[in-house]
Amino acid sequence: MTLIGKTRIPDASRAATPSPAQVQAKNLRHKLLGGSLTLLAGSGLVGITNLIYNVVTARLLGPTGFAHATAVYTLLMLASAITLSFQVVCAKYVANHETAADKNAIFTALHLRAWIAGVAIGLLLFLFNRALMRYLNLPDQVLISLLALGTAFYIPLGVRRGYIQGVHAFSSLAMNFMLEGVVRLGGAFVLIRLGLGVKGAVLASVIAVIASYFLARPTPAWKSLSPHGIPIPFGEGLQAIVFFSGQVIINNFDIVLVNHFFVSTQAGIYAAVSLVGRLVNMCAWSVVNTMFPVSAAARSSDREARPVLFMSLGMVFLILSALILGLWAIPSFLWRTLFGAHFELGNYGGLAALLILYAISTGIYSLSSVMITYEMSRKIANTSWAQLAFSGALVLGICVFHQTLRQVIFVQLVLMVILLVTVALPLLRREIAPPEDVRTYSQLSVVRSLNEHEVIAEFLRSEFHHPEFEEYRRVFGRLVRVPDLENSRENALRRALLFLRRGSMWRELPEDTQWFQVQLCRSDLARIRFFPRAQWRRVAEGSFYMTDMIESLRLKWQETPDDEFFRKLDRITNSVQVSLVNPSVLLIGVDDRSPLTILDGNHRMAAAMLSQPPAELESFQFICGFSPSMTRCCWYRTNVNTLSRYLTNLVRYIFYDPESDIGRFLESDS
């Protein structure tokens with residue numbers, strides 16, 4: 001019997017050919033990495049441009065004028081809930097359809113709806129400009145009128161960008177974002193210097209939006225609607241509106257409230273602090289904008305799209321860490337130099353401290369956004385409603401707690417931490433637990449029933465080679481090799497020895513577990529799964545069932561034959577071949593028709609099945625433990641409840657020392 005790792009299949013190129021799932025996952029990661037780096041480079045330039053824009057307008061307008069300009073621009077960002085809703089729906093459906101005709105039909109339908117929405121919202125802003133001017137303490141209602149014009153173009157701009165995003169033209173999307181930033185910067189500098197003041201800064205933003213709309217490419221030509229257009233479910237649009245409504249409130253409404261509750265000079269200081277939040281959000285969304293269409297285009301199972309999520313979270317975390325570290329390293333005097341002496345905070349604390357605190361709050365929220373948008377790309381995500389609820393809580397929290405600028409930021413920080421936990425827990429619960437299996441299998445062939453003492457003896461025999469037992473092998477070797485199951489003292493001693501290494505594992509088994517020796521045939525292998533420990537998760541492709549795992553192991557062995565994990569399997573195979581290891585394999589399940597999880601013997605079974613030819617099942621002794629309560633055991637079903645039970649038992653038995661029991665047995669023998 002030889003291992004496939006030792007004896008190569010003759011056609012090595014065919015043996016090393018990756019599975020379609022691996023090819024799909026690799027292609028998705030390449031698309032995500034390439035698109036994210038492109039958008040990140042563009043976002044970096046846009047971020048620098050926006051920073052220069054804000055520094056220029058802050059120095060030219062002063063804190064009061066800068067606060068007014070930022071408040072108006074923030075209203076435009078609030079309207080982006082509608083813009084981004086159109087963008088994300090367009091990107092998802094364009095990415096999900098293959099033909100150019102279908103993509104064009106989607107664009108045409110959404111483009112027309114976006115123009116209707118943009119004009120309607122623009123008219124509402126124009127009609128209520130006086131009320132908005134009073135609430136935000138603005139000096140001129142013309143500012144709201146300019147905002148109404150910009151909003152009319154800004155919402156259909158989302159459809160154009162969504163099409164670009166959906167066809168994966170990420171460089172064009174980055175160029176369009178850069179165009180908007182450059183036009184806003186150049187226009188603001190010229191118009192403010194011409195004496196237009198705050199109106200010049202707002203007009204520059206409107207011109208930038210209009211220019212970005214007309215220069216968004218590639219975009220198909222607008223065509224008349226086909227009577228057989230592609231339907232877009234109402235739930236998709238509602239989900240997007242709910243998500244982006246919550247997002248824009250979280251990212252922008254604090255500026256509106258600060259402009260209302262604080263005097264203009266302090267509101268201007270807060271506007272400067274909020275710039276770092278927009279920079280963090282922009283960099284995070286360079287990854288999200290790439291992840292969304294890439295994940296939506298993966299029409300196969302979530303298992304194959306899942307690497308996109310974790311790669312996105314990792315990239316966002318690295319970006320945020322770098323930005324926060326950079327902010328911490330920048331000396332405070334540099335910020336005063338950039339924005340001017342008027343932005344000194346005095347008794348409100350240093351500007352640098354507020355910048356870092358705000359960046360951390362926005363960064364934590366960005367991680368939540370990645371997880372929510374991933375779910376949106378795959379299905380209708382209920383977490384969007386949770387985010388909307390937290391956005392309402394944020395508004396209420398700031399209305400109650402706004403004695404200082406620092407207190408306003410702390411309200412956001414606390415709520416964003418709670419939101420991250422709320423969004424992450426269901427996701428982590430799904431990821432660490434294998435999918436629920438409701439299938440039933442044929443009845444197992446039972447050889448005989450076993451008592452607990454016999455099972456413990458077999459379990460201990462397979463564990464006795466580990467270093468934990470080195471000092472006991474000479475004294476208790478015979479007791480382990482040739483157990484006397486009728487001797488109560490020996491049974492108690494074997495239990496204490498086993499608990500040196502596997503006490504936490506054995507205690508999780510239900511008290512009513514009944515043990516049997518069973519006989520397995522080849523068809524029974526389909527019901528056996530590995531427990532998802534760290535080393536097995538590394539080689540699994542989402543499924544821990546033995547048949548799937550063996551195929552995954554074969555491919556990965558070809559790729560990395562010198563990996564220590566595979567070297568271990570190699571050594572175990574040789575030991576199995578010459579009967580140097582215990583042939584007993586322990587399995588657990590609900591009953592004799594349910595899936596079975598290997599409690600002990602993972603490596604032995606994997607090595608035997610990877611051998612060429614595979615080992616005969618008759619060379620193993622299979623011992624199964626059955627209990628209707630086995631779903632409460634974390635080794636059989638891993639979820640938040642079973643892990644909580646496991647941690648509780650760890651705490652309960654933290655002071656239990658099996659060596660003291662073993663010592664008493666040694667004293668009684670002396």
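The values are calculated or read from the model by the stated rules, or taken from the named source; none is laboratory data. Bear in mind that the values here come from a model prediction, so they are computed numbers and not experimental data. All Cβ positions, glycine included, derive from the backbone under ideal geometry; neighbour counts span all protein chains shown. In case anyone asks, the SASA skips ligands and DNA or RNA and just uses the protein heavy atoms, side chains included. Shrake-Rupley method; radii C 1.70, N 1.55, O 1.52, S 1.80 Å.
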Problem - Subset tally (residues that are of a type outside the set (Ser, Thr, Tyr) and in contact with a helix residue (DSSP H, G or I) (Cβ under 7 Å, 6 or more places away or on another chain)) for region 400-416 - result: 11
Problem - Search result, residues across region 256-296 that are at pLDDT 80 or above, of a type in the set (A, V, I, L, M, F, W, C) and open to solvent by 10 Å² or more (accessible area, probe 1.4 Å) - result: Phe261, Phe262, Val263
Handout entry: Residue list for region 474-488, restricted to those being in contact (Cβ under 8 Å) with a residue 12 or more places away in the chain and open to solvent by 80 Å² or more (accessible area, probe 1.4 Å)
Key = Arg481
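Kindly establish whether Pro614 is closer than 23 Å to Ala457 by Cα and touching a helix residue (DSSP H, G or I) at 6+ places or on another chain (Cβ under 9 Å). Spell out how you get there, then give the answer.
Details: closer than 23 Å to Ala457 by Cα: no; touching a helix residue (DSSP H, G or I) at 6+ places or on another chain (Cβ under 9 Å): yes.
Against the criterion (closer than 23 Å to Ala457 by Cα and touching a helix residue (DSSP H, G or I) at 6+ places or on another chain (Cβ under 9 Å)), Pro614 does not qualify.
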Problem - Options Leu132, Leu136, Leu78; residue that is hydrophobic (A, V, I, L, M, F, W, C) and either modelled with pLDDT of 85 or more or crowded, with 22+ Cβ neighbours inside 10 Å (or both) - result: Leu132
Handout entry: His168, sole failed condition from (1) surrounded by fewer than 22 Cβ atoms within 10 Å (Cβ to Cβ); (2) at negative phi
Key = (2)
Handout entry: The listed residue being of a type in the set (Asp, Glu) and part of a helix (DSSP H, G or I), out of Glu98, Glu180
Key = Glu180
Practice task
Considering only region 508-542, state which residues are part of a strand (DSSP E or B) and open to solvent by 20 Å² or more (accessible area, probe 1.4 Å).
Solution key: Gln514, Phe516, Gln517, Gln519
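Conditions (1) part of a loop (DSSP other than H, G, I, E, B); (2) open to solvent by 10 Å² or more (accessible area, probe 1.4 Å); (3) modelled with pLDDT under 80; (4) out of contact with any Phe, Trp or Tyr (no Cβ under 9 Å at 6 or more places or on another chain), marked per residue:
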| site | (1), (2), (3), (4) |
| --- | --- |
| Arg567 | no, yes, yes, yes |
| Asp570 | no, yes, yes, yes |
| Arg604 | no, yes, no, no |
| Pro614 | yes, yes, yes, yes |
| Ile623 | no, no, no, no |
| Thr648 | no, yes, no, yes |
Problem - Positions within region 77-100 being touching an Asp or Glu at 6+ places or on another chain (Cβ under 9 Å) and among the charged types (D, E, K, R), in sequence order - result: Lys92
Exercise for the section: May I ask you to say which residue of Gly65, Gly158, Gly166, Gly162 is more than 20 Å from Ala240 (Cβ to Cβ) and either touching a Phe, Trp or Tyr at 6+ places or on another chain (Cβ under 6 Å) or in contact (Cβ under 8 Å) with a residue 60 or more places away in the chain (or both)? Expected result: Gly65
Handout entry: Residue selected from region 493-552 under the condition within 33 Å of the chain's Cα centre (by Cα) and of a type in the set (Val, Ile, Thr), by the criterion farthest from Val455 (Cα to Cα)
Key = Val539
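In region 453-467, which residues are surrounded by 15 or more Cβ atoms within 10 Å (Cβ to Cβ) and in a helix (DSSP H, G or I)? Walk me through how you get there before you give the answer.
First, pick out the residues of region 453-467 that are surrounded by 15 or more Cβ atoms within 10 Å (Cβ to Cβ): 453-464.
Across region 453-467, the qualifying residues are His453, Glu454, Val455, Ile456, Ala457, Glu458, Phe459, Leu460, Arg461, Ser462, Glu463.
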